[in-house]
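Structure, as structure tokens:
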Amino acid sequence: MMLHRISKLRSVLQQRNLESILIVKPENRRYISGFTGTHGYVLITMDQAIFITDSRYIAQASKQCIDYDILEHNYEHNIYSIINKFKLKNMGFEDEFITYDQYLEFENYFNTMTLVPIKGMMNDLRIIKDEKEIQSIKKAASIADQAFTHICSYVKPEMTEHEVALELEFFMKKKGASSLSFDTIVASGTRSSLPHGVASSKKIEQGNLITIDFGCVYEGYCSDMTRTIVLGKANAKQKEIYNIVLEAQENALAAIKPGIKGLDVDQIAREIITARGYGENFGHGLGHGVGLEIHEQPTLSPKGNIILQSGMVVTDEPGIYIPNFGGVRIEDLILVTETGNEILSKSPKKLIEL
């Protein structure tokens, strides 16, 4: 699998007249090498694949990076001196990840080599998921679904948002997740009007809207799902907002297929919410790509110019947020298929009143 990815990367390098690329960003490094540790450099040339790390990770890299030559950097042979031995004329670097200080170091040590920014190159390679990636994302989504079923039987009045978030994390890790995709959002009552209302010490009260946005990581790949529930009976206003968001979400979902731009899917949901009088209460994009990172390309937003293709994984998450009242968001994780899409989030979307 890694050989196939390396081959694809070399084809892109050739198209850009690049002799090599240095990969440092953890997600890109894992994608191209299989390495799951926290320190290492990948150097790909037209005829070599080299993984460079320190003594702590040599054994791990030797097991995980089977298609690579493993080199050790240390006090005598630093990363710069090792790379300079290859006498390369140019090298691509991750300009969206490397800090300015690191770039200055590169310029200083690689003074005989032209450094070329490769903005977007690795994102373009990672945007379409292969079967193994899809299976990992599906498993992460399944764990999240199980967690949501569990949490619906767990939430009680006077429980804090923190308690709910911790229970979700504990449950998902028991089911095989390695970590959270992001800090869990549990926002209740008027706090549910905060799109990124990370769980707080607020107590959940009877009649509260509760927006729960969460996900987990399985074999390096993320899941992402949002459901909004009511503790007790929903009032008329809560039902109205919920039904508008659900209509927007499902209409956008029906449009997700190969050949459509992300901005066109976003517009479908946005027009429905705007027509109902809540356009100003939906301020974020409809969705985003998900993979090794929780936010990847493509985006489903007013700026989403990328055309969807089979193998992309995206979210569909419209919302309405009313200050001093509350908010609703409903989000599914979706795989674009050759004939349309597959919903990876299986949890029910009808309004749940606990």
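A short reminder: the numbers here are calculations on the coordinates, not readings from a lab. All values reported here derive from a predicted model rather than from experimental measurement. Note that each Cβ is placed from the backbone with ideal geometry, even for glycine, and that neighbours are counted across all protein chains shown.
A few remarks follow.
- Pairs beyond 27 Å (Cα-Cα), from 129/175; 25/349; 25/139: 25/349
- Average projection area in nm² (convex hull over Cα atoms of region 4-62, one quarter of hull surface): 3.9
- Per residue Cα convex hull volume in Å³ - calculated over region 131-353: 98
- Relative contact order, whole percent, for region 2-126 stands at 24, derived from Cα pairs under 8 Å and 6 or more residues apart.
- One Cα centroid belongs to region 262-313, the other to region 103-160; the line between them spans 18 Å.
- If you sort the three axes of the alpha carbon gyration tensor as a ≥ b ≥ c, you get a/c under 1.5 for region 2-126, which makes it rounded.
- For the options 226, 149, 315, a Gaussian network treatment of the chain with springs between C-alpha atoms closer than 10 Å singles out 149 as fluctuating the most.
- 3J(HN,Hα) along region 225-241, derived from phi through the Karplus expression 6.51 cos²θ - 1.76 cosθ + 1.60 where θ = phi - 60°, amounts to 8, 10, 9, 10, 10, 10, 8, x, 8, 6, 8, 4, 5, 4, 5, 4, 4 Hz, with x in place of Gly and Pro.
- The ranking of 219, 331, 338 from fewest to most other beta carbons within 10 Å of each one's beta carbon is 338, 219, 331.
- Normalised contact order of region 131-353, rounded percent, pairs of Cα under 8 Å and 6 or more residues apart: 22
- Mean projected area of the Cα convex hull of region 54-156, taken over all directions, amounts to 11.3 nm².
- Largest GNM mean-square fluctuation among 324, 305, 281, using the chain with Cα springs under 10 Å: 324.
- Calculated [222 nm] ellipticity per residue, helices only, for the chain: -11000 deg cm²/dmol; basis is -39500 (n - 2.57) per DSSP H run with n ≥ 4, divided by all residues, nearest 500.
- Proxy reagent accessibility, fewest Cβ within 10 Å first, across 122, 113, 172: 113, 122, 172
- Highest mean packing comes first when the peptides 257-264, 283-290 are listed by Cβ atoms within 10 Å, giving 283-290, 257-264.
- Candidates 63, 173, 119, ranked by Gaussian network fluctuation over the chain, Cα under 10 Å, top entry: 63
- Principal axis dimensions, region 263-354 - Cα atoms, whole angstrom, descending: 40, 33, 25
- Integer Hz, Karplus 6.51/-1.76/1.60 couplings in order for region 331-346, x for Gly and Pro: 9, 10, 9, 10, 9, 6, 10, 5, 10, x, 7, 10, 7, 8, 8, 9
- Helix 161-174 vs. the chain, principal-axis angle (Cα, 0 to 90°, nearest 10): 50
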